[in-house]
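S.K.: Got a structure here, written out as structure tokens. Questions coming.
The values are calculated or read from the model by the stated rules, or taken from the named source; none is laboratory data. What you see is a predicted model, and the numbers here were worked out from it, not measured in a lab. Glycine also receives a Cβ, built like all others from the backbone with ideal geometry; neighbour counts cover every protein chain displayed. Note: areas computed on protein heavy atoms with side chains; ligands, DNA, RNA excluded. Shrake-Rupley method; radii C 1.70, N 1.55, O 1.52, S 1.80 Å.
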Amino acid sequence: NDGWTPLHYASCEGHLTVVQYLVEQAGANVDAKDNRGKTPLDLAREKKHSDIVQFLEERVRRLRQASNAQQEQYQQQQELLRQQQEDLERQRREFENQRQQELLRRQQELERQRQQKLETQRQQELERELIQQQRLKEMSLSSVCPVFLSHTGVDPDAAAFAAFVGAKLQDKYEIDSFLDSETIKTGDAWRHKIETHAKGRTVFVAILSKNYFERFWCLHELDMAFRHNCIVIPVYFGKTVEIPKATNAAFADRLGGLLAEKQLEEDSSVVLRRWLTNMTALDAIHGMRHYSVHKHWMNDFCNQVAEEVHNQLLEEH
């Protein structure tokens, strides 16, 4: 258990003949260490067995010489290999230099063709961009805005955020948006106007705040968007806002209560089933989440939402 080898025992006990046999005949390792890190030579020195110390020191010296010789031979081999590699590299460079003029000519020709192709692509992209910008401009000038910003005024921060997004769309991209608090004036037939704009909308931005799913007109707007195949972008306004599950019985009861308060042309049970289906469809869409009302953070997030709306309009048209 002390990690001693037979050579440790023989060296400690002073048996020179046994030590010589173990080293010269049995090939014992003179550098072997026990659990305390002691070699047979260390034990012989501690026990003052001078004859064994002399024998082991000579043996260690020979091993060091042999190791140094091997190291020197290895270094010589490495130097030879390095020289061979340098020769190969020199030959490679010479071969490359011979081909350089021909390759340069071919590269120049390929570069000319590439630049010509890039120029053609740039012209085509420019034409497509001009067409897209013209289409977006035509949409913004039309009677129906290309973007519907759905939110509830019960959550003031969400309402302010919706107005901020609408301003970003107009200022940065010249895209008009429909925002009920700004677009619907006192005395307007607000129900008809909301339905008209939701039907004609290309992109529907649902700003999902704390009370969004408790408001009849928010859910109705969302239903109109899905029924008319709008591009729906969910924007989660807050850390804890989540889309209610269609299987949540309490949520279904609350929706039933909202529907019961309205005079609907459709059967309320049909509308309820459709609204619950909308929850599942909305949850399946990859949305964007707003975590803070800090001014700078909100500005950055508004830019992100406006850019996403702009990209969706470009893809659609």
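S.K.: Classify the chain from the C-alpha gyration tensor, please: rounded if a/c falls under 1.5, else prolate or oblate depending on whether a/b exceeds b/c. Walk me through the intermediate numbers first.
M.R.: Values: a/c = 5.26, a/b = 2.16, b/c = 2.44.
Judged from the Cα gyration tensor, the chain comes out oblate (a/c at least 1.5, b/c at or above a/b).
S.K.: What do you get for trypsin sites (Lys or Arg not before Pro) in segment 200-242 restricted to DSSP loop and a cutoff of at most 12 other Cβ within 10 Å of the site's Cβ?
M.R.: Passing both the DSSP loop test and the Cβ count: LYS239.
S.K.: Let me ask something else about it. For every helix of n ≥ 4 consecutive DSSP H residues, a contribution of -39,500 (n - 2.57) applies; sum these over the chain, divide by its total residues, and give [θ] at 222 nm rounded to the nearest 500 deg cm²/dmol. Walk me through the numbers on the way to the answer.
M.R.: On the way: 11 runs with 211 residues, N = 317.
It lands at -23000 deg cm²/dmol.
S.K.: Follow-up question, since we're still on this one. At 1.4 Å probe size, with every protein chain present, just tell me what the per residue accessible area of the chain comes to in Å².
M.R.: The answer is 64 Å² per residue.
S.K.: Next question, about the same structure. Can you tell me the dipole magnitude for the chain around its Cα centre, using point charges on the Cβ only (Lys, Arg +1; Asp, Glu -1), in Debye to the nearest 20? Working shown, then result.
M.R.: On the way: 42 positive and 49 negative charges, 56 e Å.
My answer is approximately 260 debye.
S.K.: Karplus couplings for segment 96-112 from phi (6.51 cos²θ - 1.76 cosθ + 1.60, θ = phi - 60°), rounded to Hz, Gly and Pro as x?
M.R.: Couplings: 5, 4, 5, 8, 4, 4, 5, 5, 4, 5, 5, 5, 4, 5, 5, 5, 4 Hz.
S.K.: Let me ask something else. Would you mind finding the longest exposed-site-free stretch of the chain, with exposed GluC sites (Glu not before Pro) meaning DSSP loop and at most 16 other Cβ atoms within 10 Å?
M.R.: 1-173
S.K.: What is the distance in Å between the Cα centroid of segment 1-20 and that of segment 206-283?
M.R.: Value for the Cα centre distance between the two parts: 88 Å.
S.K.: A further question follows. Through the Karplus equation 6.51 cos²θ - 1.76 cosθ + 1.60, θ set to phi - 60°, convert the phi angles of segment 247-252 into ³J(HN,Hα) values in whole Hz; use x for Gly and Pro.
M.R.: 3J(HN,Hα) across segment 247-252, in whole Hz: 8, 6, 5, 5, 5, 4.
S.K.: Can you tell me the orientation of helix 295-316 relative to the chain, as the angle in degrees between its alpha-carbon axis and the longest Cα principal axis, to the nearest 10?
M.R.: Approximately 70 degrees, to the nearest ten.
S.K.: Lys pairs in segment 1-131, Cα-Cα under 19 Å, at least 8 apart or on separate chains: how many?
M.R.: 4
S.K.: Follow-up question, since we're still on this one. If you average the sequence gap of Cα pairs under 8 Å that are 6 or more apart and divide by the length of segment 213-317, what percent do you get for the contact order?
M.R.: Relative contact order comes out at 36 percent.
S.K.: Select from GLN113, GLN91, GLN304 the residue whose mean-square fluctuation is largest in a Gaussian network model of the chain (Cα-Cα springs shorter than 10 Å).
M.R.: Largest GNM mean-square fluctuation: GLN91.
S.K.: Work out the charge dipole of the chain with +1 on the Cβ of Lys and Arg and -1 on the Cβ of Asp and Glu about the Cα centre, then indicate which of VAL309, VAL205, ASN68 is farthest towards its positive end.
M.R.: ASN68
S.K.: To continue, here is another question. Under the rule of at least 5 residues apart or a separate chain, name every residue whose amide H is placed under 5 Å from the amide H of ILE233.
M.R.: Placed amide hydrogens put PHE204, VAL205, ALA206 under 5 Å from ILE233.
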